[in-house]
Amino acid sequence: MDSRNHISPEFSRLLHEQRERLKELGCINQTTYILKEGKPIEETLQQIVLLLPAAWQYPEFTVARISFMNKNFESLDFRETEWKMVQEFNTIDDETGIIEIFYTKEFREEKEGPFLKEERDLIQNIASLITGYVNSYKARDLIRTSNIPKKEDIDLTNISSKKLLQKFLDRHNAERDVFHDLQPFKVKEILLVANLYDAYSIEG
């Protein structure tokens, strides 16, 4: 008898969930790799949007769009439908971008319409990665173009640039200081929850 007939529904469900999590992790890893290449923002966003459909539960019926800087970056065969997931992101200079995921046909109800809770987590993570990249990119541009002028040469444009750069540095330092504040604390006890076999293996 075919062994597949003995696979329980619970095992099939767990296997499906594991595959979905691997797809989501792969999308985050590929996005991180693209960001590390340091290409221009427009080229980077176009590369990322092409990755997104494959990470959702029904990739063959998924399209995506990233809107930023008054431009749209779309996946192949993009079209809008009524089944969509939207996530905004905001950069250091208060510019707003949007990531949109659309299913091109109707699917069963999940946590968020036809979308999984984990897919909401994924789109939020992608938005955070893009935000960090754009902020760093803009900060590098400011550093390259900023010169310290004489007092009589200071104008409003330069003041605005310096404030933006300082805002970026303040946020970066605040995030870094969180880890510094945690350094005095030590982990004294760890609670492990395991079945008897695993507990025996750990103890051995």
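Just so it is clear, none of the values below were taken in a lab; they were calculated from the coordinates. If you're wondering where the values come from, they're calculated on a predicted model, not measured in any experiment. Using ideal geometry, Cβ is built from the backbone for each residue, glycine included, and neighbour counts are taken over all protein chains shown.
Give the shape of segment 24-104 as rounded, prolate or oblate, defined through the alpha-carbon gyration tensor: a ≥ b ≥ c are the square roots of its eigenvalues, a/c under 1.5 means rounded, and otherwise the shape is prolate if a/b is larger than b/c and oblate if not. Intermediate values should be presented prior to the final figure.
Details: a/c = 1.83, a/b = 1.25, b/c = 1.47.
The shape class here is oblate.
Using the Cα gyration tensor of segment 3-140, with a ≥ b ≥ c the square roots of its eigenvalues, what is the shape: rounded (a/c below 1.5), prolate (a/b larger than b/c) or oblate (neither)?
Values: a/c = 2.38, a/b = 1.80, b/c = 1.33.
It comes out prolate by the Cα gyration axes.
Rounded, prolate or oblate: pick one for segment 36-76, where a ≥ b ≥ c are the square roots of the eigenvalues of its C-alpha gyration tensor, a/c under 1.5 means rounded, and failing that, prolate if a/b is larger than b/c, else oblate. Before the final figure, lay out each step's value.
Working: a/c = 3.37, a/b = 1.65, b/c = 2.04.
Judged from the Cα gyration tensor, segment 36-76 comes out oblate (a/c at least 1.5, b/c at or above a/b).
Counting other beta carbons within 10 Å of each residue's own, what order do TYR103, TYR137 fall into, fewest first? Please report the intermediate quantities before stating the final value.
Numbers: TYR103 21, TYR137 17.
Listed from fewest to most nearby Cβ atoms, that is TYR137, TYR103.
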